[in-house]
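The values are calculated or read from the model by the stated rules, or taken from the named source; none is laboratory data. All of these numbers come straight from a predicted model, not from anything done at the bench. For neighbour counting, all protein chains shown are included, and Cβ atoms are generated from backbone atoms with ideal geometry for every residue, glycine included.
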Amino acid sequence: MTNGDEVRTLRDITGAGPARRAAPGDGGRPPRPRQREDAIRNHAQILAAAEQLFTERDPRSVTMDLIAKAAGVGRATLYRRFPDPASVAGALLEEHERILRGRLAFGPPPLGPGAPPAQRLAAFYTAALEYLERHLPLALGSGPGPARFAGGTYRHWREHVRALLVEAGAADPDVSVDALLSPLAPEVYQFQRHTLGFPPARIAETLGRLVRGVLPDPQMG
């Protein structure tokens, strides 16, 4: 898959946003077609505006007021869909992460099925670093610490890496998995990449050596 395939426009990935649920007083009737169209349009505008804000500004400075203004929607419309800026960033990140998830499940080896666990884990590190390189502002904006652990991206990555550890017969995969994911924390990547100036290839090479220490594979040298 090329970079162009992975970096799709927000209109491509948000055009089928969730339809509005029937509100109290609707009598349980589904929303009319125009209401659904408005909900889809508003959802796409919110995500498009938020991604631009998170990219152009310090993610910590993005507020719900800024998102609503940039998206051209009312505060009530925004709050009906998202409780805070971190949840907006998380929704965007989920859309982008879905592409990587498909490559992990159905793509060619070593990232996809068919390669030994150690090779797949090394390939996952490389793909995850590419993902962070493209979407770091969103990853930082989705919330640190407990908020990140509760998000879908971390949950999916954890399930994938744990499955590789179990397949390889690693000791205590339930504890090891979080240690192996810690280098992919957005704050860690931001510090290494932008504060210390390490290139992505150097970080990926080092994580590959970490894989060889945890899951030895003669084919990886």
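Quick notes on this one:
- Answer from A122, A128, A115, A171 - the residue that is of a type in the set (A, V, I, L, M) and either surrounded by fewer than 17 Cβ atoms within 10 Å (Cβ to Cβ) or closer than 21 Å to A50 by Cα (or both): A171
- Residue that is surrounded by the most Cβ atoms within 10 Å (Cβ to Cβ), among those in the range 44-82 that are free of Cβ contacts under 8 Å to residues at least 12 places away in the same chain and within 14 Å of G141 (Cβ to Cβ): R57
- The one condition from (1) in contact with a Lys or Arg (Cβ under 8 Å, 6 or more places away or on another chain); (2) closer than 25 Å to Q52 by Cα; (3) of a type in the set (V, I, T) that I203 does not meet is (2).
- Residue list for the range 54-74, restricted to those being assigned to a helix (DSSP H, G or I) and either in the same structural domain as G143 (by TED's automatic domain parsing) or modelled with pLDDT of 90 or more (or both): M64, D65, L66, I67, A68, K69, A70, A71
- Residues satisfying the stated conditions in the range 182-211, i.e. charged (D, E, K, R) and touching a residue at least 12 places away in the same chain (Cβ under 8 Å): E187, R193
- Evaluation of A139 against (1) buried (at least 20 other Cβ atoms within 10 Å of the Cβ); (2) out of contact with any Pro (no Cβ under 8 Å at 6 or more places or on another chain); (3) under 28 Å from T206 (Cα atoms) (one fails), failing number: (2)
- You will find that of A163, A150, A179, A171, the residue that is without any contact (Cβ under 8 Å) to a residue 24 or more places away in the chain, of a type in the set (A, V, I, L, M, F, W, C) and farther than 21 Å from L104 by Cβ is A171 and no other.
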